[in-house]
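The values are calculated or read from the model by the stated rules, or taken from the named source; none is laboratory data. No experiment lies behind these values; they were computed from the predicted model shown. Here Cβ is always computed from backbone atoms with ideal geometry, including for glycine, and neighbour counts include all displayed protein chains. For the accessible areas, the whole protein counts, side chains as well, though only heavy atoms, and no ligand, DNA or RNA atoms are used. Shrake-Rupley method; radii C 1.70, N 1.55, O 1.52, S 1.80 Å.
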Amino acid sequence: MILLTFVAATPSPTPTASPGAGIFSSPILLSLLIWVPVLMAVAIASMPNPRGRYDTLMKQIAFFTTLGLVFILFVAYNQFENFLPTMQYEERLDWLPAIGVKYHLGIDGPGLVMLVLSGLIGVASVLASLGVRERVRAYFCLLLLAEASVNGAIVSRDMFVLILFWGASTIPLALLILGWGGPRRSAAAWRLLGYWGFGTGVLAIGVFALYAATGAQGFDIETLLKPGLSPRIQLAVSIVIIIAAATRLPLFPLHGWIRDVLAEAPPGVVVVVAGAASRLGAFLILRTVIAAEPAAGHLLSPLLAVLAALTVGYAALAALRTVDIRHAGAYLAMVPGGITILGFAAVSPLGIAGSVLSLFTGGLSAALVAGVCATLSDRAQSRSLLVLSGLAPRMPNLAWLFTIAALALLGIPILASFPAELMTFFGAFKNQPIGAFAVAGGLALTAISLAVLLRRVLFGAPNPEAPGVSDSSLSETWYLGLLAGGLLWVGLFPGGPKIPGTEVPLFDPGLINQMTAGISDIASPYVAPTPAPAPAP
Amino acid sequence: MLLIAPLATFLLALSSVRTRRSASAMAMFGTVVTLLLTLLVAWGLTRRSTPFIATYQYFSMSVAFSGASNFQTFGIQLALHADHLTVVALLAIEICMIATIGWHQVMGRTEPGAARFHAFITALLFAFAGILMSYDLAALFGFWAIAGAVTYLMLAHRWGLDAAASRARIALALPFVTDLSLLCGIAWIYARYGTQTLNTLLPILHTNPGWTVRSLVVGSVLLMIGVAGRLALWPLNWWITQTAVTAPPSASAIAQSTWSVAAIVVLYRVMPVVVASNQQTLRGCISACLVAAIAAPLLSLFGNEPRRAIALAGSGAVAVAAAVLMNGFQVQSSTFAIAGVAAVLAIAPAVAAGMLAIASIASAMRTDDLAEMGDAWRRMRASSGALLAAAIVIGLAVSGALAFGVRSRSFLGFALGDAVVLIAVAGLRLFLAASFGPLRRRRAFEPDRVRETPGALGWPYWLALMSAALVVASMVTGWLNFLDGQKHPAPSAGAIVVWVLAAIIGFAACTVAFALSKDGVLAASATAGVWLGRGTAAVYGVIERFLIEPTTDIARRFGDWVPVGDSAVGRLTGLSGQLALAAARAPALPLVIVLAVVLALVFALVAPGVAR
């Protein structure tokens, strides 16, 4: 029955026929993205594996699971109707009707962007984890569960279910760090649990407060965040949600987990945490504060601008002073989050659009920079910047990838972060010029810290007393290359490649085109009124 | 095609070329093809009266369905616009690159990473073609940022050398700050006008609803800082001077010459925004250029590093040209502003020629100290002659522009005249120091081996020749008419004579000083250079001690306090948990009594009117 539903052909009308439209549609497409990894995790967990005999098979299962999810996402992405402002691929089931909880899933443009990011991160994390040798079964089981919970948090339209997925993503990641992390893995895992647990608790408080304020009608986002809430309630709930989001993204000063987690976690976990799981913080702000509480959005935009500026500035300064390359990568991974929040602080349609795109680009660049630092320290057998020096000639692949990561953080053109940062800045200068200047200053500091880092690690004189180094392995190159490739692809073709001379898209309708669905609705409360005509000179 | 040709060359170079010879051949081929295409476009322009325009959509999206119409959609277009100025500027850049590639083929044999280096050159050409042709400021910034990134990679080319890598970080950080300023300026303008395409922006500067003078002033200042950084106007020229010794000479030559051309054209195109703001802003910008025009050549007299000196001399000359350009917009409603652009078109190849010539001499003499150089006129006549030609051109390049655009009997004219004198002194000093006097070198050095390297000596000469032709052209009204398509009245012969005389005074002063005592002059420069170095180090030390270190230390300490704080919170949580467990196991009655007493105390202290 499920299979029949899966393959039923349901042509979807589109004003411009995009390749892939009408191939298939499924009423449980989003559920597949959540429960297929769970099922595969259970399958892996229950497979016998005497003396690690089937380790390779388990890795293959995990890889093909994530690849299959990407395929499903690819079809969903192509079939997505970007002219519709409503949710698509919706699924609704009553779950706890007594308290108004529904299993309600759905995505719009920004949700699709997050899902695409999560799909790419999933494949990259498995590739990055191919070098795991110990307790392979447990590792990949937990990795798939983590991906499933992230997907669930993205597509949930019921806040109760969102909280469950939000909190659920913490546990497998903490266990992965505790089981396979570096020397200080225990501190890192507890820190992750503490901060993300605190964030989950705060989020639950906010949601339940909203539930009470709306008359306990239900936890559906449209019910909880309906228009008409008083500005005071909007403000209080928004502050709580921003605190919850700040623990996840992270934003200064609730960033205490990121240094240890990204420094001690294995590369596959680093990619998931930096790339997808942390972006949920910004996504939450978009879904709740920006989309549904415009009065609070306007009032809190200076606060968001301050947080953005502090985050970017602090991250750059901290990266400049650290002597541990993985710590530097962790701090630098905070920079894209600050830029995303600046776009929200702009409270303008263009700023919000820029932030949505920077959810994708920021996830990839944060994962890339943290992943490169992790891989480089593994390959160079040292994390100390006092030891690592002049590695470029001996590690050309990693050197190039590190350079691309640095350019991605700075928003250099041909990478996807360029249009994202451009739109964010263009939108931010209207309403938050001081915040935009401050973030630009932070980006300048980031450039300085990257210059120092590149100089030390890649382009300096080789250190004869350093341990032997080797370039990245095939799987390491692939996972980092996938992240860099995603940035390059969207950077070169933000509107999707087209048949030369026509407007007909090839296999990719363009991430920027697909993400517009719903953005106009989200941004409509923030449209500035048309100013009066200028007097004649 | 002007974009595709260098891009295709870059991709081919990146993917398939490995040897040094094939890399340079590929880069030369790509640049020559682009040159031929540029000439083809130039020929096409002669057969029409309007520029070539082509528009390609990078992306476009609608962001709102209400509000001001110009803010409802956002897109970036490759709005390519090829007019006479574009074509001439691109030709100047291509010729500089061709000459540098040719020189590097011979003199750059010992440089590492030939494939990488030549690939960067073609990428830079692609970016400059985009900068010169883009009329969409967002797309222009995109190409600008690509060029900036590639420039950094070229200046940091000597991997493995600590000094090179250390100085190259300035080449990333400082221009990035100014590039950010350019981005902020474009974003500011967009936020007020809803458009970033020059064709639609310029007509509405004073008519768009909600425009204010303040917004134009802020935008103008940001744009000016952005452009000034890449024009390498003092004090934003550190990225050129700091890397002048450590970067490959070809990289320094290309970086300074080509960026000055691209940046002056961009300045010329965005000047209407600055003019639309107010007179004070424009005067402020002119004053800044004036200061740069005097400071840069003055600083080139401090110290005996030849490539740094020629970089500063060139920077000073570009500053004079920029001042003329701005004055042309201020006084004459842009009629003579193009003269400033024409001057930079002549300065750029001269700077490149001078850099390459002095690099040849320095390489043969195995020293980067002018005090140790000498006798190049006898031993290396070609390079020495090219250096002389470059010095003369740099000194005279701005004479035509000044004759067109500045009255000599004004404060601005007087100040710029001083600058011209200093530039002439700074330029000729290099020639005199390297070409005459005994060759002083350490004992193990063989002076008889100081000779020209065959195959490399022609390139600086041709560049200097081309720059001389452009200097002469810059004094001809027809050339200016051709560049901007407007009619310009000819300057008086007297005006030209006055400004040429200023340069000649500088040449003469320098010659007399060297004739009297070459060693004395160079010793004074060396001493001044040492003091300047100490002063710079002291200033940097103060900044490092009182600004950078405390700031970064605060960040580091915060980074350390956070985990300590987390651990304390964790211990507190654990302790409270243990207390709760202990309380659960404790007998109930005493616990209740203790709790009651504690609560009563708290209530008594907090509630008014009970205990007090």
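General remarks:
- If the condition is being within 12 Å of another protein chain (Cβ to nearest Cβ) and farther than 21 Å from residue A:416 by Cβ, then region A:503-526 contributes A:503, A:520, A:521, A:524, A:525, A:526.
- Odd one out for residue A:132, checked against (1) at pLDDT 95 or above; (2) not in a helix (DSSP H, G or I): (1)
- Answer residue from region B:576-586, given it is open to solvent by 90 Å² or more (accessible area, probe 1.4 Å) and not charged (D, E, K, R) and is modelled with the highest pLDDT among those: B:578
- Of all residues in region B:520-553 being surrounded by 15 or more Cβ atoms within 10 Å (Cβ to Cβ) and over 19 Å from residue B:294 (Cβ atoms), the one that is nearest to the chain's Cα centre (by Cα): B:548
- The numbered conditions (1) of a type in the set (D, E, K, R); (2) within 24 Å of residue A:309 (Cβ to Cβ); (3) modelled with pLDDT under 90 are all true for residue A:259 except (3).
- So residue A:306, is it away from chain B (no Cβ under 14 Å) and free of Cβ contacts under 8 Å to residues at least 60 places away in the same chain: no
- One residue from A:375, A:361 being open to solvent by less than 10 Å² (accessible area, probe 1.4 Å), assigned to a helix (DSSP H, G or I), within 14 Å of chain B (Cβ to nearest Cβ) and not aliphatic (A, V, I, L, M): A:361
- Of the criteria (1) more than 14 Å from chain B (Cβ to nearest Cβ); (2) touching a strand residue (DSSP E or B) at 6+ places or on another chain (Cβ under 7 Å), which one residue A:496 fails: (1)
- Residue in region A:387-399 that is open to solvent by 10 Å² or more (accessible area, probe 1.4 Å), out of contact with any Ser or Thr (no Cβ under 7 Å at 6 or more places or on another chain) and free of Cβ contacts under 8 Å to residues at least 60 places away in the same chain present: no
- The lone exception for residue B:211 - which of (1) buried (at least 18 other Cβ atoms within 10 Å of the Cβ); (2) among the hydrophobic types (A, V, I, L, M, F, W, C); (3) within 13 Å of chain A (Cβ to nearest Cβ) it fails: (1)
- Condition check for residue B:146: facing chain A (nearest Cβ under 8 Å) and not in a helix (DSSP H, G or I): no
- Flag if residue A:279 is farther than 18 Å from residue A:432 by Cα and crowded, with 24+ Cβ neighbours inside 10 Å: yes
- Just one of (1) in contact (Cβ under 8 Å) with a residue 60 or more places away in the chain; (2) touching a Ser or Thr at 6+ places or on another chain (Cβ under 8 Å) fails for residue B:377. It is (1).
- The one condition from (1) farther than 19 Å from residue A:379 by Cβ; (2) modelled with pLDDT under 90; (3) of a type in the set (Asp, Glu) that residue A:465 does not meet is (1).
- Selection count, region A:93-115, where residues are part of a helix (DSSP H, G or I) and farther than 13 Å from residue A:154 by Cα: 0
One line per residue, one yes/no per condition, for (1) out of contact with any Lys or Arg (no Cβ under 9 Å at 6 or more places or on another chain); (2) closer than 24 Å to residue B:562 by Cα:
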{"residue": "A:275", "(1), (2)": "yes, yes"}
{"residue": "A:308", "(1), (2)": "yes, yes"}
{"residue": "A:312", "(1), (2)": "yes, yes"}
{"residue": "A:324", "(1), (2)": "no, yes"}
{"residue": "A:331", "(1), (2)": "no, yes"}
{"residue": "A:339", "(1), (2)": "yes, yes"}
{"residue": "A:364", "(1), (2)": "yes, no"}
{"residue": "A:369", "(1), (2)": "yes, yes"}
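- Region A:401-423, residues that are within 23 Å of residue A:460 (Cα to Cα) and either more than 10 Å from chain B (Cβ to nearest Cβ) or in contact (Cβ under 8 Å) with a residue 60 or more places away in the chain (or both): A:401, A:402, A:404, A:405, A:408, A:409
- The single condition among (1) open to solvent by 10 Å² or more (accessible area, probe 1.4 Å); (2) under 22 Å from residue B:146 (Cβ atoms); (3) in a helix (DSSP H, G or I) that residue A:412 does not meet is (3).
- Number of positions in region A:325-347 that are open to solvent by 10 Å² or more (accessible area, probe 1.4 Å) and either touching a strand residue (DSSP E or B) at 6+ places or on another chain (Cβ under 7 Å) or outside any helix (DSSP H, G or I) (or both): 0
- You will find that of A:154, A:177, the residue that is part of a helix (DSSP H, G or I), more than 14 Å from chain B (Cβ to nearest Cβ), in contact with a strand residue (DSSP E or B) (Cβ under 8 Å, 6 or more places away or on another chain) and surrounded by 24 or more Cβ atoms within 10 Å (Cβ to Cβ) is A:154 and no other.
- Tally, over region A:434-463, of residues that are surrounded by fewer than 22 Cβ atoms within 10 Å (Cβ to Cβ), more than 7 Å from every other protein chain (Cβ to nearest Cβ) and farther than 21 Å from residue B:113 by Cβ: 3
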